[in-house]
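Novice: My questions will all concern the structure given below.
The values are calculated or read from the model by the stated rules, or taken from the named source; none is laboratory data. The structure presented is a predicted model; accordingly, all values stated were derived computationally and were not measured. Reconstructed Cβ throughout: ideal geometry from the backbone, glycine too, with neighbour counts over all protein chains shown.
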Amino acid sequence: MEFKNILYAKQGPLARVTFNRPEKLNALTNELAGEVAAAFQDIASDSGVRCVVVTGAGRAFCAGADVVANRMGERATAPRPPDRLGLRIGLQQVTHSIFHCQVPTIAMVNGPAVGGGFDIACACDLRVGSEKTRFMVAYIRRGILPDIGGVWLIPRVIGLPKAMELVYTADFLEGEEAFRVGALNKLVPSEQLEAATLELATRIAKGPPIAIQLSKMQMQRAKDLDFDAALEMCRVTARIVGGTEDAVEGGRSFLERREAVFKGR
């Protein structure tokens, strides 16, 4: 597939998906969403990819939906634009593809992440930002609500009370506070953002892929289970992981006092 709205690249065990509409602050269109979905389908089929970095080109991470390209300006004259449902389903491809990616995902939040951009950042497993990072739930200012996953994703990242505050007020969540409330896992100077993100991604990629992927799956599902059901799931996955070559390598490397080399088998 030819990508016109994103940049998609793989280098060794790392994949990188970059929203590439810098002149529009990487605002979302259905075409861009389809390209993101295609990139993540390719990632799912490539066992060599162990971590994915999601970011934006230029000075923004993502400014939410492109109100011009998606004809959202029709709201002024039509309370229910006929294309709104199609738009919502189309843009949901982005958060759905990222959240359900089997391998770890990291949002490198290089600037404002507004509306759907905030949702996308929260769909990633981890977020790294700088003093230029700003989050905002912009929907309320337009008389709508977070409809590509934010009402589910944001509370799980920063907690329900803070999420409610941001949804109700549409206030900005700046870099320092974002780090304090857990929206950012790491806060670094902007000139170090890429290096810090890639260092984290590389560390993750060196880990045992099967154990990491099953751990991710369990953590995503655990909140919907009671404790006993979660323990049962752990017993099942522990048997799977215990039978891998990586588990043998982990034990051997410990005894030999060396760094483990995991092969994903």
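Novice: Please enumerate the residues belonging to the range 227-264 that are within 26 Å of the chain's Cα centre (by Cα) and either modelled with pLDDT under 90 or more than 29 Å from Val157 (Cα to Cα) (or both).
Specialist: Of everything in the range 227-264, those that are within 26 Å of the chain's Cα centre (by Cα) and either modelled with pLDDT under 90 or more than 29 Å from Val157 (Cα to Cα) (or both) turn out to be Val241, Phe262, Lys263, Gly264.
Novice: Moving on to the next point. Would you point out which residue out of Glu165, Glu232, Glu191, Glu199 is surrounded by fewer than 19 Cβ atoms within 10 Å (Cβ to Cβ) and under 18 Å from Val114 (Cα atoms)?
Specialist: Only one candidate qualifies: Glu165.
Novice: With (1) surrounded by 14 or more Cβ atoms within 10 Å (Cβ to Cβ); (2) not assigned by TED's automatic domain parsing to the domain that holds Cys124 as the list, and Phe227 as the residue in question, which single condition is left unmet?
Specialist: Condition (1) is where Phe227 drops out.
Let's see how each residue does on (1) β-branched (Val, Ile, Thr); (2) under 30 Å from Gly264 (Cα atoms); (3) touching an Asp or Glu at 6+ places or on another chain (Cβ under 7 Å):
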{"site": "Cys124", "(1), (2), (3)": "no, yes, no"}
{"site": "Thr133", "(1), (2), (3)": "yes, no, no"}
{"site": "Lys162", "(1), (2), (3)": "no, no, no"}
{"site": "Ile210", "(1), (2), (3)": "yes, yes, yes"}
{"site": "Leu214", "(1), (2), (3)": "no, yes, no"}
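Novice: Then there is this: So which pairs qualify, if the first residue must be in the range 240-265 and within 19 Å of Cys51 (Cα to Cα), the second must be aromatic (Phe, Trp, Tyr), the Cβ gap must be under 7 Å, and the two must be at least 6 apart or on different chains?
Specialist: Between residues of the range 240-265 that are within 19 Å of Cys51 (Cα to Cα) and residues that are aromatic (Phe, Trp, Tyr), the close pairs are Asp246/Phe262.
Novice: Among Leu184, Leu166, which is the only one that is over 15 Å from the mean Cα position of the chain (by Cα), at pLDDT 95 or above and of a type in the set (A, V, I, L, M)?
Specialist: Leu166
Novice: Checking the conditions here, which among Arg141, Arg134, Arg203, Arg127 is of a type outside the set (Gly, Ala, Ser) and without any contact (Cβ under 8 Å) to a residue 12 or more places away in the chain?
Specialist: Arg203
Novice: While we're looking at this one, here's another question. Out of curiosity, is Lys216 under 18 Å from the mean Cα position of the chain (by Cα), surrounded by 13 or more Cβ atoms within 10 Å (Cβ to Cβ) and among the basic types (Lys, Arg)?
Specialist: yes
Novice: What number of residues within the range 126-149 satisfy the criterion of being part of a helix (DSSP H, G or I) and modelled with pLDDT of 95 or more?
Specialist: Here the count works out to 0.
Each row is one residue, and each column tells you yes or no for (1) at pLDDT 70 or above; (2) within 14 Å of the chain's Cα centre (by Cα); (3) assigned by TED's automatic domain parsing to the domain that holds Ala39.
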| residue | (1), (2), (3) |
| --- | --- |
| Cys62 | yes, yes, yes |
| Glu74 | no, no, yes |
| Ala78 | no, no, yes |
| Val94 | yes, yes, yes |
| Pro104 | yes, yes, yes |
| Gly111 | yes, no, yes |
| Phe118 | yes, yes, yes |
| Cys124 | yes, yes, yes |
